[in-house]
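Please read the structure below before turning to the comments.
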Amino acid sequence: MNFRSLGLSLFLFTLAVMPAGGRTTQAASSRQTSSAVYPNTVEGLQKLIADILRSAKAKDSATETALMRSLLMPEDSTWFTDEYGPGFGASLAAAYRRELPSLEQEIKGIYEANVEAGRLNPKIVGYGDPESANAPIDHFLNCMNQVVPLYQTSFLGDQPMIQMTLKQGGGGKVTAGDLDGYFVYANGGFRYIPSEILMKLPNERPVRIHLGMNVMQSKIIRMVYARYPPEAYTKRIGGKVIVRVDLDRDGKIQEAKIVDGNPILSQALLEAVKQWQFEPTRLDGDLVEVEVDVEMVFESH
């Protein structure tokens with residue numbers, strides 16, 4: 001891992017032989033973090049981390065564990081796809097899930113080491129403006145659908161730093177200082193995302209455009225028609241429904257979701273649209289992502 005590219009400074013290296021084998025923990029998500037207690041502000045994150053460090057110092061393992069687990073992104077969270085789109089967001093979410101089993105133990109080890117060293121009052125740094133943020137943070141923010149703040153801690157000075165232990169033969173492990181990553185506010189609480197996850201973002205995000213079905217009709221390779229649901233027929237339910245489809249640069253459906261309409265009718269259209277196939281779309285010669293709304297009117301009988 002190139003720590004310089006992550007915008008972090010290395011604080012101390014100590015040579016040690018790391019034990020063989022991986023770390024196994026059972027990661028869990030907590031939805032109990034209250035936005036009233038830890039609001040989406042620098043002060044909110046400051047209070048949360050202070051509570052974690054305080055519980056670790058007091059050997060209150062139950063509180064410490066609950067607060068640390070609240071930093072893990074819930075398994076059903078849509079934050080990555082909401083912020084980075086169904087294409088890139090889905091791959092980032094998958095990468096995060098692969099890291100999830102070891103994150104709790106990583107956070108625990110680093111924070112407890114800081115407690116032992118007497119580091120109990122880290123500075124919190126927030127980034128919300130790509131124009132004023134350094135690389136690669138500006139890129140992480142620019143890639144978002146709608147910019148939301150990224151936060152970092154600074155236990156060892158004015159800038160985030162990490163303290164590492166090197167393995168014999170190369171490689172290493174962060175053992176104290178700051179977590180090598182960022183905090184975001186998602187699903188009602190602060191969540192930690194390792195830098196290596198966001199570093200998977202492409203150098204340039206493809207353009208996404210919204211087109212109507214009058215334009216996209218000619219690009220449909222395969223169309224499956226929605227069937228009138230028997231339940232809707234029995235209950236004489238009718239009306240207009242809308243399904244939004246997100247296509248990647250190759251024209252493949254990345255996501256299809258119901259936007260409006262009766263749930264019974266909308267689900268029928270959704271299942272049909274998921275089977276559609278499209279040609280890629282170009283804008284000024286470049287492949288682009290496309291968002292299109294598919295509308296259908298079901299007439300009751």
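So the values come out like this:
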item	result
Region 150-209 - residue that is touching a strand residue (DSSP E or B) at 6+ places or on another chain (Cβ under 8 Å) and among the basic types (Lys, Arg) and, of those, modelled with the highest pLDDT	ARG191
Residues satisfying the stated conditions in region 109-136, i.e. at pLDDT 95 or above, within 13 Å of VAL147 (Cα to Cα) and either among the aliphatic types (A, V, I, L, M) or in contact with a Ser or Thr (Cβ under 9 Å, 6 or more places away or on another chain) (or both)	GLY126
Number of the condition not met by ALA95 [criteria: (1) touching a residue at least 12 places away in the same chain (Cβ under 8 Å); (2) out of contact with any helix residue (DSSP H, G or I) (no Cβ under 6 Å at 6 or more places or on another chain); (3) surrounded by fewer than 19 Cβ atoms within 10 Å (Cβ to Cβ); (4) within 15 Å of PRO194 (Cα to Cα)]	(2)
Single unsatisfied condition, TYR225 versus (1) closer than 27 Å to TRP276 by Cα; (2) among the hydroxyl-bearing types (Ser, Thr, Tyr); (3) touching a Phe, Trp or Tyr at 6+ places or on another chain (Cβ under 7 Å)	(3)
Filtered residue count, region 269-301, keeping only those that are closer than 15 Å to MET223 by Cα and surrounded by 13 or more Cβ atoms within 10 Å (Cβ to Cβ)	15
Pair list, Cβ < 9 Å and 6+ apart or interchain, from region 235-255 residues that are farther than 29 Å from LEU283 by Cβ to residues that are polar (S, T, N, Q)	LYS235/SER300; ARG236/SER300; ILE237/ASN262; ILE237/SER300; GLY238/ASN262; GLY238/SER300; GLY239/ASN262; GLY239/SER300
Selected residue (criterion: farthest from PHE278 (Cα to Cα)) from residues of region 237-249 that are assigned to a loop (DSSP other than H, G, I, E, B) and either at pLDDT 90 or above or in contact with a helix residue (DSSP H, G or I) (Cβ under 7 Å, 6 or more places away or on another chain) (or both)	ILE237
Of all residues making up region 98-147, the number that are surrounded by 18 or more Cβ atoms within 10 Å (Cβ to Cβ) and hydroxyl-bearing (Ser, Thr, Tyr)	2
Residue satisfying condition, being within 30 Å of GLN254 (Cα to Cα), buried (at least 16 other Cβ atoms within 10 Å of the Cβ) and free of Cβ contacts under 8 Å to residues at least 12 places away in the same chain, within set GLY89, GLY85	GLY89
Condition broken by PRO229, with the remaining ones in (1) surrounded by fewer than 16 Cβ atoms within 10 Å (Cβ to Cβ); (2) within 28 Å of LEU269 (Cα to Cα) satisfied	(1)
Yes/no for ALA232 being more than 29 Å from TYR84 (Cα to Cα) and touching a Ser or Thr at 6+ places or on another chain (Cβ under 8 Å)	yes
Flag if GLY239 is small (Gly, Ala, Ser) and surrounded by 14 or more Cβ atoms within 10 Å (Cβ to Cβ)	yes
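The values are calculated or read from the model by the stated rules, or taken from the named source; none is laboratory data. Remember, predicted model here, so these are calculated numbers, not experimental data. Please note: Cβ atoms are built from the backbone with ideal geometry, for glycine as well, and neighbour counts cover all protein chains shown.
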